[in-house]
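What follows is a short report on a single structure.
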Amino acid sequence: MKILVVGTGAREHAICQAISPDAELFSFMSNQNPGIAKLAKEFKIGSEMDLDAVKMQAISWGVDLAIIGPESPLEKGIVDTLQEAGISCVGPTQQAARIETDKAFMRKLFVDYKISGSIAYGVFQDSEEAGNFIDHFEKDMVVKPVGLTGGKGVKIVGEHLADGEDAKKYVKQIIDNKIGGHASVVLEERLVGEEFTIQALVDGDHLIAMPAAQDHPHAYEGDQGPITGGMGSYSDKNGLLPFLDEKTYQNSVKIMEETVSAVKKEVGPYQGVLYGQFMLCPEGPKLVEYNARFGDPEAMNVLPLLKTSFVDLCQQVVDGNLKKAEFESKATVCKYLVPNGYPDSGAANQIIKVNEEKIKAEGAFVYYAAVNQKDGNIYTSASRALALSAFGDSIQEAEEICEKATHHVEGDLYHRRDVGTNELIQKRIDHMKDLLAN
Ligand code: GLY
């Protein structure tokens, strides 16, 4: 079977790693990712947003199936384009991907279909009306552009925005400059609790939910500093998290199932990967947002745990007959190494040296991200460079292996040493206990 993977980062490297034992791999990526280049039978460097170029390449390779890694080509309709050419896709159509690409669509779906985990919100295309809503909203608020902003457009009033007046200025900026591609803004209740991720394979009707994971969006240790694409993540051997029990996990999966059923009624079946980002609040899990793809870094937690062939699962997704998947009972920790200065001004075009043999000898895995292989060297871009991940019988064991592996990467890089440590996890547990007690 010939499978095309579209995308360039560590998430796509993990996807390629998962399919390469059981299929011939073809890659369309925007940079030469050394990990993907090594695994692929053939690869093409080009813009993943050039849908015709991807389609023509897929046809010329004669691929049977395509897996779409990132969200931007989904928003542009890559799945519709490939399906028109007779290529089945693990990834939703442009309409179904609105679950991520149109936050107003997503929130309305929750109200219209009475899906639990819904929150108070309003959607505005007019700055004055939005200002009036801000003046009368009685809860803490988050301001979000309706469209995609790569995680950088979401601002919390009282944290990133000083107060309601500051929020109004930001709303005007979003509407006037079409930040996220739309002159539209979502104003919603700020959720307080612990965030967690559940990723699921979806065949239009059924879900296979994967082990839960927790990402660390802040750049610096102790959850300080600017929000990034994610600095690292962990999962536990029972598929839950130290602050997340089975009942809450199942309630969250139910929210995802109800969403998939609602999407089917609204715009047609959702086939691909659904990423649910939840907040565990004292009253239960609430949906922060959906992504129409695997998480990055969370893909590196769950994909290596699969005991079932990922290729078989992808085939079941497109055939609409998902059965079941088995996962190793292992904890995982993944840490991103990023250029100094990231996320504001990451040091680009720096050579990094990655001793893959020594990393392997520690028991860890390398997933290359936004780097470029040229003339035998690996160069950084301004974004995340590579992720290291490890398994263990406990989160602590996985963390120690992962941390040791970071010593085998040289370059102008930094990482969060605290991801997956007992101290930080205890902080999460205590935070939830405090919230429940009050
Ligand atoms: N972990 C955040 C994301 O994948 O968007």
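Of everything in region 306-328 that's surrounded by fewer than 14 Cβ atoms within 10 Å (Cβ to Cβ) and more than 13 Å from ILE19 (Cα to Cα), which residue is nearest to the ligand (Cβ to nearest atom)? My answer is GLU328. Scoring GLY229 on the criteria (1) more than 16 Å from the ligand (Cβ to nearest atom); (2) part of a loop (DSSP other than H, G, I, E, B); (3) more than 28 Å from THR308 (Cα to Cα) leaves a single failure, condition (1).
One line per residue, one yes/no per condition, for (1) in a strand (DSSP E or B); (2) free of Cβ contacts under 8 Å to residues at least 60 places away in the same chain; (3) away from the ligand (no atom under 16 Å from the Cβ); (4) surrounded by 15 or more Cβ atoms within 10 Å (Cβ to Cβ):
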{"site": "GLN83", "(1), (2), (3), (4)": "no, yes, yes, yes"}
{"site": "ARG107", "(1), (2), (3), (4)": "no, no, yes, yes"}
{"site": "ALA130", "(1), (2), (3), (4)": "no, yes, yes, yes"}
{"site": "LYS139", "(1), (2), (3), (4)": "no, yes, yes, no"}
{"site": "LEU148", "(1), (2), (3), (4)": "no, no, no, yes"}
{"site": "ALA167", "(1), (2), (3), (4)": "no, yes, yes, yes"}
{"site": "GLY180", "(1), (2), (3), (4)": "no, yes, no, yes"}
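Selection within region 150-165: residues that are within 16 Å of the ligand (Cβ to nearest atom) and not β-branched (Val, Ile, Thr). The member of this set that is surrounded by the fewest Cβ atoms within 10 Å (Cβ to Cβ) is GLY150.
Filter region 261-288 down to the residues that are β-branched (Val, Ile, Thr) and either surrounded by 24 or more Cβ atoms within 10 Å (Cβ to Cβ) or under 14 Å from the mean Cα position of the chain (by Cα) (or both) and list them by number. Within region 261-288, VAL263, VAL273, VAL288 meet the criteria.
In region 256-280, what residues are within 16 Å of the ligand (Cβ to nearest atom), touching a Phe, Trp or Tyr at 6+ places or on another chain (Cβ under 9 Å) and farther than 15 Å from LYS103 by Cα?
Keep residues of region 256-280 that are within 16 Å of the ligand (Cβ to nearest atom), which gives 256, 272-279.
From what is left, the residues that are touching a Phe, Trp or Tyr at 6+ places or on another chain (Cβ under 9 Å) are 256, 273-279.
Answer for region 256-280, where residues must be within 16 Å of the ligand (Cβ to nearest atom), touching a Phe, Trp or Tyr at 6+ places or on another chain (Cβ under 9 Å) and farther than 15 Å from LYS103 by Cα: MET256, VAL273, MET279.
Taking each residue of region 405-420 that is touching a residue at least 60 places away in the same chain (Cβ under 8 Å) and looking for partners that are open to solvent by less than 20 Å² (accessible area, probe 1.4 Å) and of a type in the set (Phe, Trp, Tyr) with beta-carbon atoms closer than 7 Å, six or more apart or interchain, yields HIS415/TYR336; VAL419/TYR234; GLY420/TYR234. When region 404-438 is filtered for residues that are over 22 Å from the mean Cα position of the chain (by Cα) and of a type in the set (Asp, Glu), the ones remaining, listed by number, are GLU410, ASP412, GLU423, ASP430, ASP434. Taking the listed residues PRO304, PRO282, PRO339, the one that is touching a strand residue (DSSP E or B) at 6+ places or on another chain (Cβ under 6 Å), in contact (Cβ under 8 Å) with a residue 24 or more places away in the chain and not hydrophobic (A, V, I, L, M, F, W, C) is PRO339, with no other qualifying. Considering only residues in region 290-305 that are touching an Asp or Glu at 6+ places or on another chain (Cβ under 8 Å) and of a type in the set (Gly, Ala, Ser), the one that is farthest from the ligand (Cβ to nearest atom) turns out to be ALA292.
Quick check: anything in region 209-231 open to solvent by less than 20 Å² (accessible area, probe 1.4 Å) and more than 18 Å from the chain's Cα centre (by Cα)?
No - not one qualifying residue is present in region 209-231.
Looking at (1) touching a Lys or Arg at 6+ places or on another chain (Cβ under 7 Å); (2) closer than 30 Å to ILE3 by Cβ, which is the one condition that is false for SER72? Here SER72 meets the rest and fails (1).
When region 381-398 is filtered for residues that are buried (at least 24 other Cβ atoms within 10 Å of the Cβ), among the hydrophobic types (A, V, I, L, M, F, W, C) and assigned to a strand (DSSP E or B), the ones remaining, listed by number, are LEU386, ALA387, LEU388, ALA390. Can you find, within region 1-57, the residue that is nearest to the ligand (Cβ to nearest atom) among those that are open to solvent by 10 Å² or more (accessible area, probe 1.4 Å), charged (D, E, K, R) and not in a loop (DSSP other than H, G, I, E, B)? Within region 1-57, the match that is nearest to the ligand (Cβ to nearest atom) is ARG11.
Of all the criteria given as (1) in contact with a Ser or Thr (Cβ under 8 Å, 6 or more places away or on another chain); (2) within 16 Å of the ligand (Cβ to nearest atom), the one not satisfied by ASN238 is (2). Any residue at all in region 198-210 that's out of contact with any strand residue (DSSP E or B) (no Cβ under 7 Å at 6 or more places or on another chain) and either among the small types (Gly, Ala, Ser) or more than 25 Å from PRO269 (Cα to Cα) (or both)? No, region 198-210 has no match at all.
Selection over region 115-128 of residues that are more than 20 Å from LYS178 (Cβ to Cβ) and either open to solvent by less than 40 Å² (accessible area, probe 1.4 Å) or in a helix (DSSP H, G or I) (or both) gives a count of 4. Just one of the listed residues (GLN57, GLN83) is touching a Ser or Thr at 6+ places or on another chain (Cβ under 8 Å) and polar (S, T, N, Q), namely GLN83.
The values are calculated or read from the model by the stated rules, or taken from the named source; none is laboratory data. All values reported here derive from a predicted model rather than from experimental measurement. For neighbour counting, all protein chains shown are included, and Cβ atoms are generated from backbone atoms with ideal geometry for every residue, glycine included. Surface areas here come from the heavy atoms of the whole protein model, side chains and all, with no ligands, DNA or RNA. Shrake-Rupley method; radii C 1.70, N 1.55, O 1.52, S 1.80 Å.
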